[in-house]
Amino acid sequence: MSDAPADMSLMSPAQDAGRLTTKDGRPLKAALAAAEAQAKRKAFFLVLPLFLFVLITFVAPIGQLLHRSINNPGFTTHTDISSGTKTPIMVNIRDWFDANPAGTPPDEAAYEALAKDLVVLRELKAPGIVGTRINYERSGSRSLFTKTARKAAKLEPPYTEALLDIDEDWGDPQLWSVMRGASSAYTLNFYLAALDLTRDETGEIVSVNENRQVYVKLFTRTLVLSLLITFVCFVLAYPVAHLLATLPLRYSNLLMIFVLLPFWTSLLVRTTSWMVLLQSQGVVNDALVATGTIADDSRIQMMYNQTGTIIAMTHILLPFMILPLYSVMRPINPSYVRAARSLGATSWTAFRRIYFPQTIPGIGAGALLVFILAVGYYITPALVGGADGQLISNLIAFHMTKSLNWSLAAALAALLLGGVLVLYWLYDRLVGIDNLKLG
């Protein structure tokens, strides 16, 4: 065999590249790998500010909300506001709950443990905090705890009779069931309350009284009204977007100003304007009475009900449907429809089979935008909705600002978020998120 070196032309590209070096003598493969790593680092540092912004302003608050919905330490820990010191409370009664299964009636040992814990609460000035925590699930409990704590130091055995002499509510099995549930800082009871469910004396999950079932009705109302508003916005926005897309550019740009004009006006101003228009003595009713359409004593009630909510929210959310539709309709070549009609299709057939399918991505984008905004609207339903037009967001705000039941508010918000994510998943399965076009 010949000892001549192998023909260089027969070497693979990888072998050939391994012999190549850069100007400073480094192997070409290593230099390329280093350059690629440097490019990745640059890309990472460019994205890092946006990542941190999303993490701090979006992911962290949602994580805190989800944690708050299952965590409420008001019955287990007292935090001193001035020093920040955390002190375990209700220790004795929690030990009794741990030693006895759910459904066990309270005995003398349970009442003795409760009396000792009430003395500690009196010293820490915390009976109101503990009572508020129990009051979230059983109304009237806050005054019960504060009243009993004032007399706790004077209690003597038998503690059962002593506590029942102060208030017979201490013998209520429902109260003891609620205290058992609150004996752990982590609980799912707030999600049960958000679904109009509760636990009975034995710990079984049951429905609350019919006159207290409000949350499921509000969730249903929010879903129905949001879907209705989305549909109305679609019906009104489709012809407007089609007109804007087919007019010459100089005219469509002028009309687009009127579409965008609401964005330059305060939401509160727009909502209060509808209040002026829709109230019983408002512009609309006065015009109907002046034209003889209705009698003066038969004015239409369009405020503080679902009608006012639908009208005001449709006006506010309409641009969010028009803009995605316009962005999809503008690039559609009108020759497609003309070709279909020249081949014998009617105007309806050409629209249904040629034009409308090309606008589906815009319909999906607009419907998704309007629906998600509608389910979380607060100001408009609060001002024009009244009792019948309130949405679940109004009740979340009530628990955040009035009742201060932040855990229940977080549970309601988490369920609302979960429902929106489920609908988003269904949209992806039925239409496809890849077909979504916002512009």
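The values are calculated or read from the model by the stated rules, or taken from the named source; none is laboratory data. Please read these numbers as outputs of a predicted model, since none were measured by experiment. Here the Cβ is made from the backbone with ideal geometry for all residues, glycine too, and neighbour counts use every protein chain on show. Ligands, DNA and RNA are stripped out before the accessible areas are found, and what is left, the full protein with its side chains, is counted by its heavy atoms. Shrake-Rupley method; radii C 1.70, N 1.55, O 1.52, S 1.80 Å.
Worth pointing out:
- Residue-normalised accessible area of the chain, given per residue in Å² at a 1.4 Å probe: 58 Å²
- Portion, in percent, of the accessible area of region 74-212 that falls on carbon or sulfur, probe 1.4 Å: 50 percent
- Hydrophobic long helices, here whole DSSP H runs in the chain with Kyte-Doolittle means of at least 0.5 and Cα atoms spread over 15 Å or more along the helix axis, are found at 28-54, 215-246, 249-260, 267-278, 306-329, 360-375, 406-430.
- Computed on protein heavy atoms with a 1.4 Å probe, the accessible areas place 161, 210, 108 in the order 210, 161, 108, largest first.
- Here the dipole of the chain is about 2240 debye; that uses its Cα centre as origin and unit charges on the Cβ of Lys and Arg (positive) and Asp and Glu (negative).
- Point-charge dipole on Cβ atoms (K/R +1, D/E -1) for region 72-160, about Cα centre, debye to 20: 500 debye
- For mean projected area of the Cα convex hull in nm², calculated from these coordinates, the label among (i) 44.6; (ii) 18.7; (iii) 24.2: (i)
- Accessible surface of residue 26 - all protein chains present, 1.4 Å probe, nearest 10 Å²: 110 Å²
- Take the Cα of residue 201, step 7 Å toward its Cβ, do the same at residue 55, and the gap between the two points is 5.2 nm.
- Area of residue 428 that stays accessible when all protein chains are in place (1.4 Å probe, Å², to 10): 60 Å²
- Exposure ranking of 263, 45, 97 by accessible area [1.4 Å probe, largest first]: 45, 263, 97
- Close amide H pairs (under 5 Å, H built 1.01 Å from N) link residue 21 with 28, residues at least 5 positions away or on another chain.
- Toward the positive end of the charge dipole of the chain, with +1 on the Cβ of Lys and Arg and -1 on the Cβ of Asp and Glu, the farthest Cα among 188, 419, 30 is that of 30.
- Charge dipole magnitude, Cβ of K and R +1, D and E -1 - region 215-435, Cα centre, debye nearest 20: 600 debye
- Amide hydrogen neighbours beyond the local backbone of residue 78, cut-off 5 Å, H modeled: 87, 89
- For residue 200, solvent-accessible area (1.4 Å; no DNA, RNA or ligand), Å²: 40 Å²
- Sequence of 363, 134 from largest to smallest accessible area, 1.4 Å probe: 363, 134
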